[in-house]
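To keep things clear, I will list the structure first and then write my remarks on it.
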Amino acid sequence: MLLYVRDELNAVHLNQLDIQGIESIFVKIACNNTNIIFGVCYRPPGQTADQVNTFLENLNEQLTILYSPQYLYYPKFITGD
């Protein structure tokens, strides 16, 4: 598994998303005043049903962390009343 990021993009490894039992890497890149998160996950072929279920549970754990307010930005729109 490989995630290549050009040096000038200044990627930050999000080690909070490193979950035991799943091969993955997630990075945050600041671009035009916006943080963008890229990630790669690998599941080996030929796994048993139990191994696939464990992979999916671990992936769900990563996505739960990723969808927390710490990583998501919801813009607030101010309207005149």
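The values are calculated or read from the model by the stated rules, or taken from the named source; none is laboratory data. Predicted model only: the values in this text are computed from it and were never measured. Here the Cβ positions follow ideal geometry from the backbone for every residue, glycine too, while neighbour counts run over all protein chains shown. The area values use the complete protein model at the heavy-atom level, side chains included, leaving out ligands, DNA and RNA. Shrake-Rupley method; radii C 1.70, N 1.55, O 1.52, S 1.80 Å.
Only residues that are surrounded by 11 or more Cβ atoms within 10 Å (Cβ to Cβ) and either acidic (Asp, Glu) or over 17 Å from residue 5 (Cβ atoms) (or both) were counted across segment 22-41, and they come to 2. Inside segment 22-48, can you point out the residues that are in contact (Cβ under 8 Å) with a residue 12 or more places away in the chain and over 21 Å from residue 63 (Cα atoms)? The answer is 31, and nothing else. Only one entry of 29, 19 meets the criterion of being in a loop (DSSP other than H, G, I, E, B) and β-branched (Val, Ile, Thr), and that entry is 19. Just so you know, in segment 7-21 the residues that are hydrophobic (A, V, I, L, M, F, W, C), modelled with pLDDT of 85 or more and within 22 Å of residue 58 (Cα to Cα) include one that is least open to solvent (accessible area, probe 1.4 Å), and it is 14.
The set of residues in segment 37-61 that are in contact with a strand residue (DSSP E or B) (Cβ under 9 Å, 6 or more places away or on another chain) and in a loop (DSSP other than H, G, I, E, B) comprises 43, 44.
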